[in-house]
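Here is the structure we will look at.
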Amino acid sequence: MTDKEPKRRVFFALWPDAELRAALAALARSMPANGRPVPVAHFHLTLAFPGTVDRAKVEDMAAGADALRLPKLRLILDRLGWFPRPRVAWIGPSQTMPELEALAADLRDLCEASGVRMEERPFRPHVTLRRFVTRFESIDVEPLDWQPAEMALIESGQHGHPGPYQVLRSWPLSPD
Ligand code: ATP
Ligand code: MG
């Protein structure tokens, strides 16, 4: 491992299956917001964002995730909202989900244990549906019931440069 090896921009996320992707795509198209829908293959819920790190740290974090006891999750996505600064509209849970928060905290801890300094931002679980949204009032919607089958470690772009996402590793969420 040398300093010349490219870094990677990575994050842990819940990764929807094809059926939920289709439902999210329909919502992203039909919701009353400007901007433009996120491509269907991009939908995800970020759990922890280590960001741009050395390859060795990516391996350490993956090994840390191998050792985690992953919960079986059930998420109720029932609210559309908007983050003004990144100008994204999203769907997320209106209720706090303790198991989801605990998983996000475990991942954050394991990133730090791998030597990644994590930002202090609070965890705001959401799936981004549209970008370049200049104004949007939060509304409740027909709940989407999501029992995610897997958690994934995703690379955003390549070698630290922007581009499509790639699933580097994935882990099943408590198959009973
Ligand atoms: P782009 O930034 O190229 O427009 P993107 O936002 O989809 O695309 P990334 O910036 O790599 O790609 O972000 C990947 C995921 O991590 C997104 O869900 C993003 O919201 C989230 N994310 C980015 N930066 C942070 C951060 N500092 N803290 C928490 N989550 C973050
Ligand atoms: Mg970004």
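Bear in mind that the values in this text are calculations on the coordinates, not laboratory data. Being a predicted model, the structure only gives us computed values, none of them experimental. As a convention, Cβ positions derive from the backbone with ideal geometry for all residues, glycine included, and neighbour counts pool all protein chains shown.
Can you tell me the dipole magnitude for the chain around its Cα centre, using point charges on the Cβ only (Lys, Arg +1; Asp, Glu -1), in Debye to the nearest 20? All intermediate terms of the calculation are to be shown ahead of the outcome.
Numbers: 23 positive and 23 negative charges, 171 e Å.
The calculated dipole for the chain is roughly 820 debye.
Give me the extension gain from residue 94 to residue 117: residue separation times 0.36 nm, minus the current Cα-Cα distance, reported in nm with one decimal. Spell out each step's value before the answer.
Numbers: separation 23, 0.36 × 23 = 8.28 nm, distance 2.90 nm.
Extra length available between residue 94 and residue 117 comes to 5.4 nm.
Percent relative contact order of the stretch 35-176, based on C-alpha pairs within less than 8 angstrom and at least six residues apart? Write down the numbers at each step before the final one.
Values: 225 pairs, mean separation 48.8, N = 142.
Worked out over the stretch 35-176, it gives 34 percent.
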Max mean-square fluctuation residue, GNM over the chain, Cα-Cα springs under 10 Å, options 162, 37, 50: 162
Contact order normalised by residue count of the stretch 50-111, Cα under 8 Å, 6+ apart, percent: 34
For peptides 112-122, 78-88, sequence by mean Cβ density within 10 Å, most packed first: 78-88, 112-122
Approximate spin-label separation residue 145-residue 101, in nm, with each point projected 7 Å along Cα-to-Cβ: 2.4
Packing-based order for 61-69, 125-133, using average beta carbon neighbours within 10 Å, highest first: 125-133, 61-69
